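The values are calculated or read from the model by the stated rules, or taken from the named source; none is laboratory data. Remember, predicted model here, so these are calculated numbers, not experimental data. Here the Cβ positions follow ideal geometry from the backbone for every residue, glycine too, while neighbour counts run over all protein chains shown. Only protein heavy atoms, including side chains, enter the accessible area calculation; ligands, DNA and RNA are left aside. Shrake-Rupley method; radii C 1.70, N 1.55, O 1.52, S 1.80 Å.
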2 protein chains.
Amino acid sequence: MKLNKKVKEMEGAEQKIIAAARRIFQRKGMAGARMEEIANEAGINKALLHYYFRSKEKLFQVVMTEAKMQMLGRLHPILGSEASLFEKIEKFVESYISFISLNPFLPGFILHEINRHPEEMVKMMLSNDKRPNLNKFFLQVESEIRKKNIIAIQPEQLFINMLSMCVFPFVARPLLQGVMNVSDKKFSLMIEARKKEIPKFIINAIKR
Amino acid sequence: MKLNKKVKEMEGAEQKIIAAARRIFQRKGMAGARMEEIANEAGINKALLHYYFRSKEKLFQVVMTEAKMQMLGRLHPILGSEASLFEKIEKFVESYISFISLNPFLPGFILHEINRHPEEMVKMMLSNDKRPNLNKFFLQVESEIRKKNIIAIQPEQLFINMLSMCVFPFVARPLLQGVMNVSDKKFSLMIEARKKEIPKFIINAIKR
DNA sequence: TCATGGTTTAACCAAATGGTTAATTGTGCA
DNA sequence: TGCACAATTAACCATTTGGTTAAACCATGA
C-alpha cells in the first residue's frame with residue numbers, strides 16, 4: 001500500500017467520487033443519476049467508479065447511508081438531552097435548520113428515495129445502528145402536559161409539526177419562492193429568521 | 001370519428017393511459033418510470049402510448065400539469081375568499097389535507113421534479129394560466145396584526161408554517177412512521193386528527 | 001358487404017447506460 | 001534499477017429503453 005503517498009491525496013479518488021456522487025444523487029435521485037455524469041463530476045474515468053465501488057447500487061448505498069445518518073443522527077442528541085422542553089425545541093430547530101442549510105438537497109433526496117422503496121429503506125434505516133430514540137422527548141411532553149405547563153397535545157403531533165416546519169421549506173423551496181414571489185436572497189433571510197420564529201411559534205402554540 | 005362508439009369507452013384508452021401514467025410517475029418520478037411499465041399498468045401495448053402521447057416527455061407534461069393545477073389551484077379559492085382569518089386557516093387545512101389524503105403521492109412527485117428542473121418547472125407553473133394569488137391572505141394577516149388580534153408575524157412565515165404542517169407528513173410518511181414507530185392505521189388516524197389539530201395549533205400560536 | 005380510417009399490436013431499431021476487460025501508467029520497495 | 005502491485009484509462013459489451021414501422025384489427029357508413 002502506498003500509505004506514504006500524501007495521505008490527503010491517498011483517498012483522493014475515493015473521496016472525490018463520494019463527493020461527486022453526493023452532489024449528483026442528491027439532485028437527480030438514484031434513477032436520474034448517470035454513472036458517467038458522476039465520473040465527470042469527480043474528474044475521473046467511468047471505469048474507476050466501478051473499481052472503487054462495484055456498482056451504482058453500492059455507490060448509492062454509501063451516499064444514502066451517510067445521508068440518513070446525518071439526518072437522523074441529529075434527532076437523539078438534542079431531543080434526548082436533559083434540557084427543558086422549551087430549550088430543547090429552540091436548540092433542535094436552530095441546529096436542524098443550520099445543518100440543512102449546509103445540505104439543502106439532502107432532505108428531498110432522502111424523502112424521494114424512501115417513497116420509492118419504503119419497506120427496504122425504512123428497514124435499513126432503523127436496523128442500521130442506533131435508531132433515533134424519541135421516547136425521552138415524548139415522555140417529557142406528556143409530563144409537561146400533566147404539570148399543566150403546556151396544553152394537551154399528542155407528542156407525536158408536536159414532533160411532526162416541528163420537523164415539518166424545519167424541513168419542508170427546503171424541500172419545497174423553488175415552489176414556495178415561485179408562489180410567494182420571493183427572491184433567493186429574501187428566502188435565505190427568511191430561512192435564517194425561522195431559526196427563531198419557529199420556536200417562538202411552537203412555544204406560543206403549546207404554552208398555557 | 002367514431003363519436004358514436006360509447007363515449008365512455010371512446011376515451012377509454014387515453015384515460016387509462018393517463019391514470020396509469022399518474023400512478024407510475026407519481027411513485028417513481030420521471031426518470032424512474034418506464035414507458036413499458038406504464039403501458040402494462042394501463043393494460044395496453046407500449047406502442048399505443050406513443051400513438052396517443054408522442055413521447056415520454058409529453059406524457060409526463062400531461063401528468064405534471066394536472067398535478068400542479070390540483071395542488072396550486074386549491075390555494076386561491078380558499079385563501080382568497082372573504083372568510084375571517086381563523087376560518088380561512090381552518091378551511092384551508094381541512095380541505096388541503098383531505099385532498100392530499102386522496103392523492104398522497106402527489107406532493108412528493110411535484111417537489112421531486114421541481115428540484116430536478118427548478119427553473120423550467122417554476123416558470124411553467126407560474127405562467128401557466130392563473131398563478132395562485134396569496135396577496136389577499138397576506139394583507140389580511142397584516143391587517144389582523146395591526147388590529148392587534150394576532151401577534152406580529154411575517155405573513156409568508158405563517159403561510160410556510162401552515163403549508164409545511166399540512167404537506168410534510170405525506171412526503172415523509174414512511175420515515176416518520178419508522179422513526180416514531182407508528183402503524184399505518186395509527187398514522188392515518190393522526191393525519192385525520194391533524195385537520196383539527198393544525199388549525200388549533202396555528203391559532204394558538206398567533207392569537208393574542 | 002366491403003372500403004375506409006381510426007385503433008392496436010408484434011417486431012424492430014438506435015441510442016443510452018451500467019458494467020467489464022485488457023492494456024497503460026505510476027509508485028513504493030527490495 | 002526494476003519488480004510487483006495499485007491506480008487509471010480507452011475500448012468494448014450486453015441490456016435496457018424510448019421510439020418507430022408495418023401489418024392486423026375492427027367499427028362505421030355507403
(request) Report, to the nearest 10°, how far helix A:12-32 tilts away from the longest principal axis of the Cα atoms in chain A, using its own Cα long axis and a range of 0 to 90°. (result) 60
(message) Test of the criteria: in segment A:100-167, which trypsin sites (Lys or Arg not before Pro) are in a DSSP loop and have at most 14 other Cβ atoms within 10 angstrom of their Cβ?
(response) A:LYS130, A:LYS147, A:LYS148
(request) Could you pull out the trypsin sites (Lys or Arg not before Pro) across segment B:38-68 that fall in loop regions by DSSP (anything but H, G, I, E, B) with no more than 16 other Cβ atoms inside 10 Å? (result) B:ARG54
(request) State the three equivalent ellipsoid semi-axes of the protein assembly as shown, derived from the C-alpha gyration tensor as the square roots of 5 times its eigenvalues, in descending order and whole Å. (result) 35, 32, 20
(request) Give me the accessible area buried between chains B and A, both sides summed, with a 1.4 Å probe, in Å² rounded to the nearest 100. (result) 5000
(message) How tilted is helix B:85-102 with respect to the longest principal axis of chain B? Cα atoms for both, answer in degrees (0 to 90, nearest 10).
(response) 30
(message) Once R0 is set to 45 Å, what does the formula 1/(1 + (r/R0)^6) return for the Cβ-Cβ distance between B:LYS147 and A:GLU120, expressed as a FRET efficiency to the nearest 0.05?
(response) 0.25
(request) For segment B:74-206, just the Cα set please: Rg and Dmax, both in angstrom. (result) 16.0, 44
(message) Explain nothing, just the number: dipole magnitude of the protein assembly as shown about its Cα centre with +1 on each Lys and Arg Cβ and -1 on each Asp and Glu Cβ, in debye rounded to the nearest 20.
(response) 160
(request) Using a 10 Å cut-off on Cβ to Cβ distances, tally the other chain neighbours for every residue of B:175-186 and report the average as a whole number. (result) 5
(request) Report, in degrees rounded to the nearest 10, the 0 to 90 angle that the Cα long axis of helix B:135-146 makes with the longest principal axis of chain B. (result) 10
(message) Between segment B:178-206 and segment B:129-159, how far is it from one alpha carbon centroid to the other, in angstrom?
(response) 24
(request) State the percent of C-alpha pairs, over all pairs in segment B:1-121, separated by a distance greater than 17 angstrom. (result) 63
(request) Could you please report the charge total around A:MET180, scoring K, R as +1 and D, E as -1 over all other residues with beta-carbon less than 15 angstrom from its beta-carbon? (result) +3
(request) Tell me what the protein assembly as shown gives for mean residue ellipticity at 222 nm when only DSSP H runs of n ≥ 4 count, each as -39,500 (n - 2.57), the sum divided by the residue total, rounded to 500 deg cm²/dmol. (result) -24500 deg cm²/dmol
(request) Return one quarter of the surface area of the convex hull spanned by the alpha-carbon atoms of segment B:9-62, equal to its mean projected area, in nm². (result) 3.1
(message) Need one number: nm distance between label points at B:LYS186 and B:SER55, each 7 Å from Cα along Cα→Cβ, rounded to one decimal.
(response) 4.9
(message) Using the basic label-point model (7 angstrom from Cα toward the beta carbon), what is the B:LYS196 to A:ILE203 distance in nanometres?
(response) 2.9
(request) Could you check the simple spin-label distance between A:ASN40 and B:GLU82, using points 7 Å along Cα→Cβ, in nm with one decimal? (result) 5.7
(request) Could you work out the local net charge near A:GLN61, counting Lys and Arg as +1, Asp and Glu as -1, over the other residues with Cβ closer than 12 Å to its Cβ? (result) 0
(request) Note down the magnitude of the dipole of chain A about its Cα centre, charges +1 on Lys and Arg C-beta and -1 on Asp and Glu C-beta and zero elsewhere, to the nearest 20 debye. (result) 240
(message) Is there a quick way to get the dipole size of segment B:9-62? I mean about its Cα centre, with the Cβ of Lys and Arg at +1 and of Asp and Glu at -1; what is the value in debye to the nearest 20?
(response) 260
